[in-house]
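The values are calculated or read from the model by the stated rules, or taken from the named source; none is laboratory data. From a predicted model like this one, the values you see are computed outputs, not experimental measurements. Positions of Cβ are generated from backbone atoms using ideal geometry, with glycine treated the same way; all protein chains shown enter the neighbour counts.
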Amino acid sequence: MVPPADGPVWAVVLAAGAGRRYGPQPKQYEVLGDERVIDRSLAMARAAADHVVVVLAPGEQAEADALVESGAADVAVEGGAERSDSVRAALAVIDADAAVIVVHDAARPLASPELHQAVVAAVHAGADAAIPGLPVTDTIKRVGHDHHGEAVVVETLDRSELVTVQTPQAFRADVLRRAHAGGDDATDDAGLVESAGGTVVVVPGEATNVKITGPHDLAVATELLRALG
């Protein structure tokens, strides 16, 4: 593994989702503590980055202007139909001299500055990509369906070899650009890097780094924020 050349770290915060599972207002604009979810996510990303790009849904130009004018983000871009489209929209505005690119979901506002710094440090140490992961504590079974359409267990997976994956995820800039060059989609960018043969290392994730997908998650995040002080 070869460390990337010296250069700036860029963070991409994805906030272009419509949040259909959440409710009438996109989850990134809900209030968490004394600030909005998106504002906290941007602030946490800033802790490990020289520059921050926020990706917003189409039609949110006023919000984009406000985030840039306030300094929460350096650049705002319009996202695409799929997550990978939104990442590629951000890559298009990131300077060519970027060394490391961090991709983070705005829906994970409790990811700590230390976690952002940890994934960046792992890439600086030579990994193509670094992702936070937590050990799986439940038994995981792979299922299929019989000729009646009933779910049946195919196998029980060895949970000692499994982790649940979070964001932020950090990448060598050149590796991430190549992984996206084919225009493929994935639920996370590390999957594209894996498919391209890149080395992805796992750093310890944070149990408090919950993803907000519904109102219950926001309530949980609010309680966790209080506990974190």
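Results, tabulated for the structure shown:
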{"quantity": "Extreme residue, surrounded by the fewest Cβ atoms within 10 Å (Cβ to Cβ), among residues of segment 45-78 that are more than 23 Å from Gln117 (Cα to Cα) and in contact with a Leu (Cβ under 7 Å, 6 or more places away or on another chain)", "calculated": "Glu78"}
{"quantity": "Segments classed as strands (runs of 3 or more DSSP E), wholly inside segment 137-229, with at least 1 members that are exposed (fewer than 15 other Cβ atoms within 10 Å of the Cβ)", "calculated": "141-145, 151-156, 163-165, 200-204"}
{"quantity": "Residue in segment 4-13 that is modelled with pLDDT under 95 and part of a helix (DSSP H, G or I) present", "calculated": "no"}
{"quantity": "Complete set of residues in segment 33-56 that are among the hydrophobic types (A, V, I, L, M, F, W, C) and at pLDDT 95 or above", "calculated": "Val37, Ile38, Leu42, Ala43, Met44, Ala45, Ala49, Val52, Val53, Val54, Val55, Leu56"}
{"quantity": "Index of the failed condition, Val143 passing every other in (1) within 24 Å of Arg40 (Cα to Cα); (2) β-branched (Val, Ile, Thr); (3) out of contact with any helix residue (DSSP H, G or I) (no Cβ under 9 Å at 6 or more places or on another chain)", "calculated": "(1)"}
{"quantity": "Subset of segment 118-132 [closer than 20 Å to Val13 by Cβ and surrounded by fewer than 19 Cβ atoms within 10 Å (Cβ to Cβ)]", "calculated": "Ala121"}
{"quantity": "Close pairs from segment 201-216: first under 14 Å from Ala227 (Cβ atoms), partner assigned to a strand (DSSP E or B) and at pLDDT 95 or above, Cβ under 9 Å, at least 6 apart", "calculated": "Glu206/Pro132; Glu206/Leu134; Ala207/Leu134; Asn209/Pro132; Asn209/Leu134"}
{"quantity": "Failed item in (1) more than 19 Å from the chain's Cα centre (by Cα); (2) modelled with pLDDT of 95 or more; (3) assigned to a loop (DSSP other than H, G, I, E, B), with Ala98 passing the rest", "calculated": "(1)"}
{"quantity": "Any hit, segment 163-172, residues being over 16 Å from the mean Cα position of the chain (by Cα) and not β-branched (Val, Ile, Thr)", "calculated": "no"}
